[in-house]
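What follows is a single structure, written as structure tokens, with notes after it.
The values are calculated or read from the model by the stated rules, or taken from the named source; none is laboratory data. Owing to the predicted nature of the structure, the values given are computational and were not obtained by experimental measurement. Cβ atoms come from the backbone with ideal geometry, glycine included; neighbour counts cover every protein chain shown. Calculation scope for accessible area: heavy atoms of the full protein, side chains included, ligands and nucleic acids excluded. Shrake-Rupley method; radii C 1.70, N 1.55, O 1.52, S 1.80 Å.
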Amino acid sequence: MKTSLIDIRKDRDTALAEARRLIADGSVVAIPTETVYGLAANAFDEAAVRKIFEAKGRPADNPLIVHISELSQLAPLVTEIPEKVRVMAEKYWPGPLTMIMKKSSVIPDVTSGGLDTVAVRMPKSEYARAIISACGVPLAAPSANLSGSPSPTDAQSVFDDMNGRIPLIIDGGECEIGVESTVISFVGDTPTLLRPGGITVGMIESTIGKINISDAVLNRLRDGETAASPGMKYKHYAPKAKITIVKGDFEKFYNYVKDLDCFVLCFEGEEGHFNNAVTYGKADDSRSEAHRLFSALRELDEKGAKTVYARCPEITGLGLAVYNRLIRSAGFNIIEL
Ligand code: TXA
Ligand code: MG
């Protein structure tokens with residue numbers, strides 16, 4: 001299959017018309033969002049959704065997020081809209097927030113990975129919403145990477161993973177946030193954070209009060225443990241290199257790695273101290289770290305890195321999302337100095 005690219009910033013009408021045509025035809029189209037690129041198909045079309053799983057090589061029990069462009073599209077997807085979801089939607093949609101509720105019968109089992117719940121998000125990216133709206137149906141979309149690889153934050157990264165596997169990539173430039181959306185489950189008495197993202201724990205709790213934080217946010221699942229979010233049990237965000245996170249200040253980090261034959265993943269301004277360095281944003285600036293993390297992981301692969309030592313980010317606010325992705329990409333390999 002030939003994979004075409006259309007830049008929605010330059011050729012908006014063609015991009016929307018082609019997306020509409022292919023989605024109506026039951027195909028898969030990669031689309032930009034403010035978090036990462038998504039691999040989209042009509043959420044109601046089982047055969048189309050199966051093609052997403054094939055293109056990614058994703059296990060069938062890992063459910064997809066259903067993307068909407070207007071609030072009126074939510075009610076038909078779920079059995080009921082909990083009050084806290086209404087409050088969160090009012091405040092943070094459109095935005096990097098995915099909310100899980102009991103699904104209605106319009107959501108096929110392939111889309112929800114066989115669960116009786118569905119994850120819904122209204123993206124902030126105006127391009128994403130224009131595409132959903134042009135297609136006229138909610139779009140099921142996971143991140144547009146091959147299963148296990150770092151999520152793509154620009155169209156070239158999507159192309160690197162999906163060339164030959166899907167007919168169209170819509171280029172909307174670099175994703176603003178760079179890590180996937182916050183995922184919260186509203187099934188059960190207290191909302192539970194399953195994946196940290198652009199809407200931080202502080203933002204959530206100041207809006208709907210105390211939430212639970214799933215153990216899987218910071219810990220590896222033990223063997224046999226069931227994941228609240230199936231995605232958390234799989235290998236994730238992993239480049240080919242073996243990454244080790246080193247906790248401690250820059251001086252300790254430097255002394256630890258200076259004589260090793262390795263690459264380092266460090267913060268801007270530190271790279272001059274090393275022969276082989278890739279940076280991911282500024283120390284103490286979680287926004288810039290989130291924006292760069294996945295492209296930095298891909299850059300390490302392009303440079304042929306085999307062994308990587310990474311500086312540890314701050315773990316507060318958006319930093320929790322950065323750390324959550326980095327520990328997975330490192331297979332929970334952490335050294336404390
Ligand atoms: O920012 C994002 O959320 C991006 C863009 C494209 O919107 N999408 C994304 O999708 O990251 P994906 O499939 O890579 O990650 C969705 C996560 C997975 O860990 C999945 O297991 C979890 O959400 N998830 C989806 N539906 C769920 C459900 N019903 N119950 C529990 N977890 C669910
Ligand atoms: Mg993903």
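Equivalent-ellipsoid semi-axes for region 280-337 (Cα gyration tensor, √(5λ), whole Å, largest first): 18, 14, 9. A quarter of the convex hull surface defined by the alpha-carbon atoms of region 4-217 gives 10.5 nm² as the mean projection. Per residue, region 110-252 exposes 39 Å² of accessible surface when a 1.4 Å probe is rolled over the protein heavy atoms with every protein chain present.
Legend: residues Ile334, Ile100, sorted from most to least accessible area (1.4 Å probe; ligands, DNA and RNA excluded), read Ile334, Ile100. What the phi angles of region 94-103 give under the Karplus curve with 6.51, -1.76 and 1.60, with θ = phi - 60°, is a coupling list of x, x, x, 9, 10, 10, 9, 9, 5, 7 Hz, glycine and proline written as x.
Considering only the chain, what is the antiparallel percent among its DSSP beta bridges, to the nearest 5? So the antiparallel bridges in the chain amount to around 35 percent.
For region 4-217, the fraction of 1.4 Å probe accessible surface lying on carbon and sulfur atoms is 48 percent.
Here the calculated FRET efficiency for Glu90 and Asp259, from their Cβ-Cβ distance with R0 = 51 Å, stands at 0.40, rounded to the nearest 0.05.
Here the Karplus curve 6.51 cos²θ - 1.76 cosθ + 1.60, taken at θ = phi - 60°, turns the phi angles of region 131-141 into couplings of 5, 4, 5, 5, 6, x, 9, x, 10, 6, 8 Hz, with x standing for Gly and Pro. Our note on the geometry: Cα centres of region 98-152 and region 9-63, 9 Å apart. Classify region 224-303 from the C-alpha gyration tensor, please: rounded if a/c falls under 1.5, else prolate or oblate depending on whether a/b exceeds b/c. Prolate.
For region 294-337 and region 189-230, what is the centre-to-centre distance using only Cα atoms, to the nearest Å? Centre-to-centre distance over Cα atoms comes out at 20 Å.
Annotation: amide H of Thr307 within the under-5 Å range of Lys242, Phe263, sequence separation 5 or more or interchain, hydrogens built in the peptide plane. The base-10 log of I(q)/I(0) for region 1-42, evaluated at q = 0.15, 0.20, 0.25, 0.29 Å⁻¹, reads -0.35, -0.64, -0.98, -1.19 [Debye formula, identical scatterers on Cα atoms, solvent excluded]. Computed from label points 7 Å out along Cα-Cβ, the spacing between Phe250 and Arg9 is 3.1 nm. In terms of distances greater than 31 angstrom between alpha carbons, the cross-link table entries Lys252/Lys303; Lys51/Lys282; Lys51/Lys247; Lys247/Lys303 yield Lys51/Lys282; Lys51/Lys247. Checking every one of the trypsin sites (Lys or Arg not before Pro) in region 253-337 against DSSP loop status and a limit of 14 other Cβ atoms within 10 Å picks out Lys258, Lys303, Lys306.
Based on C-alpha pairs under 8 angstrom that are at least 6 apart in sequence, the chain has a relative contact order of 19 percent.
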